[in-house]
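Take a look at the structure below.
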Amino acid sequence: MAEVLVYVDHVDGAVRKPTLELLTLARRIGDPVAVALGAGAANTAATLAEHGAVKVLTDEAAEYADYLVVPKVDALQAAVEAVSAAGSLAAVLVPSSAEAKEIAARLALRIGSGVITDAVDVEADDKGPVATQSVFAASYSTKTRVSKGTPVITVKPNSAPVEAAPAAGTVEALSVTFSAQATGTKVTGRTPRESTGRPELTEAAIVVSGGRGVNGSENFSIIEALADSLGAAVGASRAAVDAGWYPHTNQVGQTGKSVSPQLYIANGISGAIQHRAGMQTSKTIVAVNKDAEAPIFDLVDYGVVGDLFEVVPQLTEEIKTRKG
Amino acid sequence: MSLRIVVTVKYVPDATGDRHFAEDLTVDRDDVDGLLSELDEYAVEQALQIADEADDAEITVLTVGPEDAKDALRKALSMGADKAIHVEDDDLHGTDAIGTSLVLAKAIEKAGYDLVISGMASTDGTMGVLPALVAERLGVPQVTLLSEVSVADGVVKGRRDGDTASEQLEASLPAVVSVTDQSGEARYPSFKGIMAAKKKPVQSWDLEDLEIEADEVGLDGSWTTVDSATERPARTAGTIVKDEGEGGKQLAEFLVGQKFI
Ligand SMILES: Cc1cc2nc3c(=O)[nH]c(=O)nc-3n(C[C@H](O)[C@H](O)[C@H](O)COP(=O)(O)OP(=O)(O)OC[C@H]3O[C@@H](n4cnc5c(N)ncnc54)[C@H](O)[C@@H]3O)c2cc1C
Ligand SMILES: Nc1ncnc2c1ncn2[C@@H]1O[C@H](COP(=O)(O)O)[C@@H](O)[C@H]1O
């Protein structure tokens with residue numbers, strides 16, 4: 001069977017959930033071979049093996065952390081060459097993070113392949129993998145194929161279930177020669193994001209968001225309390241972020257995170273096209289807004305026209321009571 | 001020595017209008033209102049600020065697109081850019097990201113540059129990969145997705161807010177930069193700016209000027225194929241209740257029914 005390279009997104013050896021989803025998709029196309037780079041790369045192997053990686057190629061060189069993007073492109077290229085030389089390579093799957101998309105694009109250009117970004121599904125077909133994309137703020141759905149070279153496809157979080165599928169996960173050292181460009185952009189400092197203890201926005205099953213209607217950073221505690229009662233991540237509209245009420249890392253929408261949870265609860269958010277672009281593919285959508293004409297109500301499965309300062313705390317209380 | 005800045009700007013269909021596909025499954029750009037991609041306004045703004053700081057700088061705005069894309073160039077010129085280049089050729093219709101990066105890279109080289117500044121993503125394609133592709137083609141550092149950027153003594157520095165960390169980056173010029181919408185509000189063109197823009201030079205280049213063969217670009221030269229584009233069915237109308245004091249409880253009831261609680 002052909003092999004599929006899967007680029008591993010991990011933090012010091014802890015594999016992030018979207019990578020496990022990629023393994024589910026990769027198994028539809030061929031045998032997943034994972035590529036893990038940087039500090040802790042080898043520690044990813046056990047988790048990757050559990051989810052179907054037949055092989056895990058690792059390299060822990062310092063360059064991956066010290067320079068931007070290009071060293072990782074060099075490594076993926078080396079992996080493409082190694083796998084192609086030994087057998088046949090059906091595709092390269094990469095998570096749709098901002099950085100991984102840049103890596104994917106440069107890799108595709110180098111190996112003479114087409115690239116598809118932000119797929120929400122990948123299926124096998126006689127003519128190679130077919131990717132589904134959601135475009136124009138999710139008003140259209142397209143099916144796209146790579147027509148030249150080895151398909152390089154980036155896949156959005158929450159596009160496939162995480163499945164256990166034990167495989168060998170044999171660890172092999174990847175030998176990488178860095179290109180002249182590799183050291184072009186130095187990372188001179190890095191401040192890790194502080195964990196809030198809540199689920200990662202893009203990975204969460206439930207997202208509770210607040211917008212301009214929340215009216216002040218101090219009031220975001222109402223949104224957080226609802227999120228915590230559901231074990232949800234907290235999101236915000238750009239209006240709330242621009243007002244300085246909530247960090248930009250939590251922004252949902254075109255220039256923030258794109259989320260696709262099982263449940264999205266929008267509070268005091270009007271539903272502008274740029275916001276919808278980041279949440280319209282959520283399975284179930286709920287909104288609380290005092291304006292019955294707000295466009296967000298066109299999307300909802302359930303909407304409450306009312307004051308969020310009344311409705312949200314009551315909802316939180318009710319959830320707590322029911323959960324005991 | 002003058003700092004030569006090239007800003008890449010894209011002409012896109014208005015996101016608040018009705019965007020759709022043409023029969024050949026390319027984005028319909030004829031039938032819809034277009035404008036300078038809002039996210040590229042941030043690139044023009046940062047170019048203007050960097051030019052202000054430099055002793056001597058010249059800003060060229062560059063677009064690859066149909067006839068109407070001139071509107072995007074005019075807008076950037078009225079914000080304060082010095083001159084413009086419009087790459088236009090019938091054979092460009094349907095070009096994908098890889099192809100567009102070839103055209104941009106050739107045009108940037110022909111124009112001459114020390115610094116390229118792009119937006120974080122186009123508002124129609126939203127791939128966010130062109131700056132990386134252009135850097136790869138030019139063989140210069142990519143310093144992308146910056147929320148803060150500065151240039152001094154031939155070095156570009158900036159802050160990139162990533163998923164798991166915020167990074168400080170640094171590279172020597174020439175380099176390709178992209179900036180996010182966190183980099184600072186873009187200015188509005190002044191009346192004076194709008195008048196001045198009418199007199200600023202707009203050069204037109206076609207594929208031959210850039211020594212690009214027709215089959216390297218366009219729909220046929222594209223390395224990806226769109227098989228189908230279907231309009232998503234409108235979401236089925238949901239239940240909407242007016243809060244009469246029990247709205248929170250009713251919502252909880254719905255969530256229980258959906259097994260979220
Ligand atoms: C290039 C570009 C990119 C953008 N990217 C993004 C993006 O990534 N994400 C994003 O969100 N936006 C983005 N925007 C901005 C977007 O266009 C909207 O301006 C923004 O989403 C509005 O946020 P909002 O819904 O919170 O505010 P508003 O539109 O002001 O809506 C506030 C809502 O709260 C309701 N409300 C007020 N008080 C209460 C109350 N007490 N109880 C209940 N409801 C109440 C009001 O009825 C109103 O509907 C972008 C814009 C551009 C041009
Ligand atoms: N046709 C184009 N002409 C000029 N610049 C472009 C074009 N397409 C994309 N760009 C630039 O590349 C950035 C990222 O675009 P994209 O990768 O398409 O999301 C944009 O913000 C622009 O600066």
Query raised in the report: Residues of A:290-303, mean number of Cβ from any other protein chain within 10 Å of their own Cβ, rounded to a whole number?
Result: 3
Requested in this report: Note the count of lysine pairs whose C-alpha atoms are less than 22 angstrom apart in chain B, limited to pairs 8 or more residues apart or on different chains.
Outcome: 29
Query raised in the report: If you build a Gaussian network model of chain B, linking Cα atoms that sit under 10 Å apart, which residue out of B:Ala47, B:Ala57, B:Ala22 swings the most?
Result: B:Ala22
Query raised in the report: Most fluctuating residue of B:Gly34, B:Gly154, B:Gly248 in a GNM of chain B with Cα springs under 10 Å: which is it?
Result: B:Gly248
Query raised in the report: When chain B is treated as a GNM, springs tying every alpha-carbon pair under 10 Å, which of B:Thr230, B:Thr123, B:Thr180 comes out with the largest mean-square fluctuation?
Result: B:Thr230
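Using just the alpha carbons, could you tell me how many Å³ per residue the convex hull of region A:206-323 encloses?
Working: hull volume 10.2 nm³, N = 118.
Per-residue hull volume (Cα only) is 87 Å³.
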Query raised in the report: So what is the calculated 222 nm ellipticity per residue for chain A, using -39500 (n - 2.57) for each DSSP H run with n of 4 or more, over all residues, to the nearest 500 deg cm²/dmol?
Result: -8000 deg cm²/dmol
Query raised in the report: In region B:184-242, which GluC sites (Glu not before Pro) are in a loop and have at most 11 other Cβ atoms within 10 Å, using DSSP for the loop call?
Result: B:Glu185, B:Glu208, B:Glu211, B:Glu213
Query raised in the report: Please state the relative contact order of region A:206-323 as a whole percent: Cα pairs under 8 Å, 6+ residues apart?
Result: 25
Query raised in the report: Based on Cβ point charges of +1 for Lys and Arg and -1 for Asp and Glu, what charge dipole magnitude is obtained for chain B about its Cα centre, in debye rounded to the nearest 20?
Result: 920
Report task. Let me know the shape class of region B:3-221, please: from the alpha-carbon gyration tensor, a ≥ b ≥ c as square roots of the eigenvalues, rounded when a/c is under 1.5, otherwise prolate if a/b is greater than b/c, or oblate. Result -> rounded
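Taking each residue in A:144-152, count the Cβ atoms of any other chain within 10 Å of its Cβ, then average. What number comes out? Please report the intermediate quantities before stating the final value.
Working: counts 8, 4, 4, 6, 6, 1, 0, 2, 2.
Per residue, the number of nearby Cβ atoms from other chains is 4 on average.
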Query - FRET efficiency for A:Thr196 and A:Val162, using Cβ-Cβ distance with R0 set to 22 Å, rounded to 0.05 - result: 0.50
Report summary line: Hydrodynamic radius by Kirkwood for region B:20-121, inverse mean 1/r across distinct Cα pairs, in Å, is 14.7
Query raised in the report: Between region A:224-272 and region A:76-132, how many Å separate their Cα centres?
Result: 31
Query raised in the report: Can you give the direction-averaged projected area of the convex hull of the alpha-carbon atoms in region A:3-183, in nm²?
Result: 9.5
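Return the Rg/Rh ratio of the protein assembly as shown with Cα-based radii and a Kirkwood Rh. Before the final figure, lay out the partial values.
Numbers: Rg = 23.8 Å, Rh = 24.7 Å.
Rg divided by Rh gives 0.96.
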Requested in this report: Per DSSP H run of at least 4 residues, take -39500 (n - 2.57); add these up for chain B, divide by its residues and hand me the 222 nm value, nearest 500 deg cm²/dmol.
Outcome: -8000 deg cm²/dmol
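What translational D, rounded to a whole number of µm²/s, comes out for chain A from Stokes-Einstein when the hydrodynamic radius is the Kirkwood one over Cα pairs, at 4 °C and 1.567 mPa s? All intermediate terms of the calculation are to be shown ahead of the outcome.
Numbers: Rh = 20.8 Å.
Reported coefficient: 62 µm²/s.
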Query - Helical segments meeting 15 Å axial Cα length and Kyte-Doolittle 1.0 threshold in chain A (DSSP H) - result: A:220-230
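A short reminder: the numbers here are calculations on the coordinates, not readings from a lab. Please read these numbers as outputs of a predicted model, since none were measured by experiment. No Cβ is skipped: glycine too gets one built from the backbone with ideal geometry, and neighbour counts run over all protein chains shown.
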